[in-house]
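Just below is one structure, and these are the notes that go with it.
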Amino acid sequence: MNERVILHSDMNCFYASVEMLHHPEFAGMPLAVGGDPEARHGIVLTANYIAKKKGVKTGMALWQAKQVCPEIIFVPPRMDLYLRFSQMAREIYSEYTDKIEPYGIDEAWLDVSGSGNLKGRGMTIAREISHRIKYELGVTVSIGISWNKIYAKLGSDYKKPDAITEFNRENYKSMIWQLPASDLLYVGRQTRKKLQKLGIRTIGELAESDETMLESHFGKMGIVLWSFANGWDNDPVCKDGYAAPVKSIGNSTTTPRDLEDDLDVWIIQMALAESVAARLRKHGFKCKTIEITVRDNGLFSFSRQKQLHHPTNITDEIVTAAFQLFKDHYKWEHPIRSLGIRAVDLVLDDIPVQLELFGNQEKQEKLEKMDRTVDEIRRRFGYFSIQRAVMYQDKVLSHLDAGTHTVHSHSYFHG
């Protein structure tokens, strides 16, 4: 059997690179994406290489970034824009294989094992993809090539930006095993410290360690890391034509005033559901699970999830599920200070759906058509040009700014 050929494509400084395309006036300047640039609140989501060379790091507070790089320019994140670029990159990948597994917005694994006769070897495909993304999208990628997903990801991290690295059976011990163990997927800060206490500092030392000893210190994860270090990762690249590039899209808010009854909650959840559903539709997604978060003014908080009968991006279905979760799990001991709704387990919106025996397909189609009509009216005339009747029950709550969204990446273990 021929050995697998796996690519891992990682778009370099993705958010910042996209913003630089849309801000040519910032060419040659240090730039970071994140937080509220006016208030200097929040953290750096990503920075361009000019800023990185001056010491700006992902996760750094904006004020800290300003200290190490006084001339830095901050821009707010535009997740809609980044998702559009992510989808355009996926369209390029799909011309080389149907086995594409997103790992966040800016990364993806591609299994091109069966593409050799039409598209060439792994290196040939990697070079072509790199060239096309640079000249068709205007951003660069680093691509790793190997026979497994873990080593392919190490390859995309090995040299940046705009680079291609291949790890094969002949060179992996001389190249990969010399790298720090912390370069390996799922070796975080605490795991690195534990490994160092065991005298394990490199991937090679981890690979040559006794697996029983690793299991005694790390449980089953010890065996997983030992297998990763040795390149014994047989995890397939998911062949799922309906996988979304992100796992969830959510929105939450600290409310304009404390919520005191079910109607207050319904108004806020409606505003949040409308914004989340609109983002789902805009990017061609549906969700299979709804999650809510609740925090009252007594600082009690919780999250709950509910699986839906079918994937949806319909506002009414999302808010109904969210409100039912709230009713089932909150007993009004205190007024509520904060609410959130998250659409989880995303799929592309053209996924085939088994019709329900007693479902009302005609009603769903009408609701979806109504939502898309509202989307178009708001796009042309503004958010407040059309409102649901319930919003007129409370003018303070109904003027909530529901424009900030969070996007959550996939886990390697698809959890």
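The values are calculated or read from the model by the stated rules, or taken from the named source; none is laboratory data. Since we're looking at a predicted model, the values are computed, not measured. Neighbour counts are summed over all protein chains in view; Cβ atoms, including those assigned to glycine, are modelled from backbone coordinates with ideal geometry. Areas reflect the complete protein model, heavy atoms only, side chains present, ligands, DNA and RNA absent. Shrake-Rupley method; radii C 1.70, N 1.55, O 1.52, S 1.80 Å.
Observations on the model:
- Of all residues in the range 293-335, those that are open to solvent by less than 30 Å² (accessible area, probe 1.4 Å) and in contact with a Ser or Thr (Cβ under 7 Å, 6 or more places away or on another chain) total 2.
- Within the range 210-223, the set of residues being closer than 19 Å to I150 by Cβ and either buried (at least 19 other Cβ atoms within 10 Å of the Cβ) or among the acidic types (D, E) (or both) comprises E211, L214, E215, G222.
- Residue within the range 6-29 that is open to solvent by 50 Å² or more (accessible area, probe 1.4 Å), part of a helix (DSSP H, G or I) and farther than 28 Å from K282 by Cα present: yes
- I200 β-branched (V, I, T), in a loop (DSSP other than H, G, I, E, B), open to solvent by less than 40 Å² (accessible area, probe 1.4 Å) and at pLDDT below 95: no
- Index of the failed condition, V294 passing every other in (1) closer than 23 Å to Q393 by Cα; (2) touching a residue at least 60 places away in the same chain (Cβ under 8 Å); (3) hydrophobic (A, V, I, L, M, F, W, C): (2)
- Restricting the range 144-177 to residues that are of a type in the set (G, A, S) and under 20 Å from N234 (Cβ atoms), the residue that is farthest from the chain's Cα centre (by Cα): S146
- Some residue of the range 96-116 being open to solvent by less than 10 Å² (accessible area, probe 1.4 Å), assigned to a strand (DSSP E or B) and of a type in the set (G, A, S): yes
- Odd one out for S174, checked against (1) touching a residue at least 24 places away in the same chain (Cβ under 8 Å); (2) open to solvent by 40 Å² or more (accessible area, probe 1.4 Å); (3) in a helix (DSSP H, G or I); (4) closer than 20 Å to G144 by Cβ: (1)
- Criterion (in contact with a Phe, Trp or Tyr (Cβ under 6 Å, 6 or more places away or on another chain) and more than 23 Å from I164 (Cα to Cα)) met by exactly one of V33, V56: V33
- Residues that are at pLDDT below 95, open to solvent by less than 70 Å² (accessible area, probe 1.4 Å) and not in a helix (DSSP H, G or I), drawn from the range 57-71: G59, M60, A61
- Residues (surrounded by fewer than 22 Cβ atoms within 10 Å (Cβ to Cβ) and either among the polar types (S, T, N, Q) or more than 16 Å from N2 (Cβ to Cβ) (or both)) located in the range 117-138: N117, T124, R127, E128, S130, H131, R132, K134, Y135, E136, L137, G138
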